Amino acid sequence: MAGFAAVAAPGPSTPRRLNVNVGVLGHIDSGKTALARALSTTGSTAAFDRAPQSRARGITLDLGFSCLRIPLPPHLGPGPGELQLTLVDCPGHASLIRTIIGGAQIIDLMMLVIDVTKGMQTQSAECLVIGQIACQKMVVVLNKIDLLPEGKRQAAIEKMTKKMQKTLENTKFQGCPIAAVAAKPGGPEAPETVNPLGVSELIEVTKKVKSMQMFHTPVTYAMQGDRVGICVTQFDPKLLERGLICTPESLQTIHAAVISLKKIQYFRGALQTKAKFHITVGHETVMGKVMFFSPAPADFSKEPLENAFDFEKEYLYQEEYLSKGSKSSEENKENDQTGEGQLPRQQWALLEFEKPVTCPKFCLVIGSKLDTDIHGNTCRLAFHGILLQGVEDKNYVETFLPKLKVYKLKHKEGQVERVLDDYSVIGRSLFKKETNIQIFMGLKVKLSTGEDGVIEGGFGQSGKFKIQIPNGLKPDTKVFLTVPSKKKSKAGKGDTAKEDESSKVDSAQPVTVSLLFKRYVFDTQKKMIQS
């Protein structure tokens, strides 16, 4: 329970009990619930698919909770006590990924259950991705070894073990323990008296501890991460949904958020601004629209800020998340004078939710494309990040977004048509005929020949404009712009070919006019800013 505070200290007679939440994740029908049952010493009312709907469909539909208690190992502290492993049995069906992600956010250690006869499957891979985001430790459990022919069993287990080690090579779980078991030899219909295989060895593997929790045992305190049963008198349980118990002000209900994020490498395709994703925040999954932005290019290499966002700085709008091979990063490489195409060390996104969500501060955020075909061999998890700033005001478009200094770089290019005098030229092709050139007056431009100029105003009705050159045209520029017209005026009827040739040279090498400015995305006045 996120944010649940300790309300009392354990009394002298309370036995020392340390708890670690262990997530049981994997593809549907890999035997997760059977494994949880084989390991558990105590089950809650939500354990082992006891819900009628789960029994009717024969699959896990919601999180199941049970626990395993063993004597506290000496290296975990002095004195007698118990180590309690709370098993969080997650569904395996692809359509229940919201529940899987919600369960993953309360676990300290993950057991990835693999059907040894099938190996990695689609949801196995998704659970692995979720595990990399949500926890630091993992144990791989190769289940259903009883289905392997006894004479070839050990060789098949070793082969699958090597295959899993290869799969995990480039993940944070490289070198993690891999155990082989048969949680329910003979399958679901086998009698309860059949003993599981390899479970005792697995218990030795999972002796990790991080938090405290009690099952069917009176306690006088609870803290974050605990699973406790709470008796509420005069309350209809049918009115209760999954929620959070917390200390005041530890949760916020938000309509939008700024997050620091990273793309999940297994997600195919680009992460594009204005796209909609399924956003999981805490135990809620809602649709949300994203806008990606990065530091200003000069700050690409700066150290990332942990759990903080600086509203005083300016940020560069991105059409998509910048990663190797993305269209935006290639454009940055072309514009990068060093030619290195450097990527920023940290990137952010603005999330706008279709309905408000309640969550703790600095919580984990996962973006997914859950509308992708669940039978497709593709990762639906797109990005993960940390919520840095939640926006509780539902009128955030007017009150919050203008504080977010995200800008777009605008680049317009036209041509010099002719010279007026030593200090001014006429330009064309920078604006459309219907453009109000008045709003561009005073903006600085640069000629491809090196001169700096200022837009003085419109010239005629066709979108042409007058440029003032404060320091005057260079002699070479003036000659370049005026010589072709002199040639044309001297040319006779017999020199038509030469005139055409002169015009082609002139049009092939025009003097261009570049206008660069930036515009803040959330500036209602749409002002154009130049440094």
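In region 412-426, how many are touching a residue at least 60 places away in the same chain (Cβ under 8 Å) and acidic (Asp, Glu)?
Selection size over region 412-426: 1.
Can you confirm whether region 146-162 contains a residue that is assigned by TED's automatic domain parsing to the domain that holds Asp29, touching a residue at least 60 places away in the same chain (Cβ under 8 Å) and not aliphatic (A, V, I, L, M)? Break it down into steps so the answer makes sense when it comes.
In the first step, residues of region 146-162 are kept if they are assigned by TED's automatic domain parsing to the domain that holds Asp29; the result is 146-162.
Those left that are additionally touching a residue at least 60 places away in the same chain (Cβ under 8 Å): none.
No: region 146-162 contains no residue that is assigned by TED's automatic domain parsing to the domain that holds Asp29, touching a residue at least 60 places away in the same chain (Cβ under 8 Å) and not aliphatic (A, V, I, L, M).
Pairs needed: first member in region 435-452, outside the structural domain of Thr512 (by TED's automatic domain parsing) and surrounded by 13 or more Cβ atoms within 10 Å (Cβ to Cβ); second member anywhere, acidic (Asp, Glu) and outside any helix (DSSP H, G or I); C-beta distance under 6 Å; at least 6 residues apart or different chains.
none
Output the number of residues of region 286-319 satisfying the condition of being over 13 Å from Val406 (Cβ atoms), of a type in the set (S, T, N, Q) and modelled with pLDDT of 90 or more.
Looking only at that region, the number is 0.
Here's the yes/no breakdown for (1) buried (at least 18 other Cβ atoms within 10 Å of the Cβ); (2) over 18 Å from Pro196 (Cβ atoms); (3) modelled with pLDDT under 90:
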| position | (1), (2), (3) |
| --- | --- |
| Leu142 | yes, no, no |
| Asp146 | yes, no, no |
| Pro149 | no, yes, no |
| Ala155 | no, yes, no |
| Ala183 | yes, no, yes |
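When region 109-122 is examined, which residues are found to be surrounded by 23 or more Cβ atoms within 10 Å (Cβ to Cβ) and either under 23 Å from the mean Cα position of the chain (by Cα) or closer than 22 Å to Thr358 by Cα (or both)?
Met110, Leu112
Return the only residue of Ala2, Ala94 being farther than 25 Å from Pro185 by Cα and either outside the structural domain of Glu189 (by TED's automatic domain parsing) or modelled with pLDDT of 80 or more (or both).
Criteria check complete, one pass: Ala2.
So, Ile106, is that one under 22 Å from the mean Cα position of the chain (by Cα), outside any loop (DSSP other than H, G, I, E, B) and touching a residue at least 40 places away in the same chain (Cβ under 8 Å) or not?
Against the criterion (under 22 Å from the mean Cα position of the chain (by Cα), outside any loop (DSSP other than H, G, I, E, B) and touching a residue at least 40 places away in the same chain (Cβ under 8 Å)), Ile106 does not qualify.
Can you pull out the residues in region 364-387 that are among the hydrophobic types (A, V, I, L, M, F, W, C) and buried (at least 20 other Cβ atoms within 10 Å of the Cβ)?
If the condition is that a residue be among the hydrophobic types (A, V, I, L, M, F, W, C) and buried (at least 20 other Cβ atoms within 10 Å of the Cβ), then Val365, Ile366, Leu381, Ala382, Phe383, Leu387 are the ones that fit.
Quickly run through region 370-404 and pick out the residues that are without any contact (Cβ under 8 Å) to a residue 60 or more places away in the chain, of a type in the set (Ser, Thr, Tyr) and not in a loop (DSSP other than H, G, I, E, B).
Thr399
Counting only residues that are within 24 Å of Leu481 (Cα to Cα), of a type in the set (Asp, Glu) and in a loop (DSSP other than H, G, I, E, B), how many does region 405-450 have?
Residues meeting the conditions: 1.
What tally of residues in region 448-464 results from selecting those that are under 15 Å from Val511 (Cα atoms) and in contact with a helix residue (DSSP H, G or I) (Cβ under 7 Å, 6 or more places away or on another chain)?
Total satisfying the criteria: 2.
The values are calculated or read from the model by the stated rules, or taken from the named source; none is laboratory data. None of the values given here were measured: they were computed from a predicted structure. Here Cβ is always computed from backbone atoms with ideal geometry, including for glycine, and neighbour counts include all displayed protein chains.
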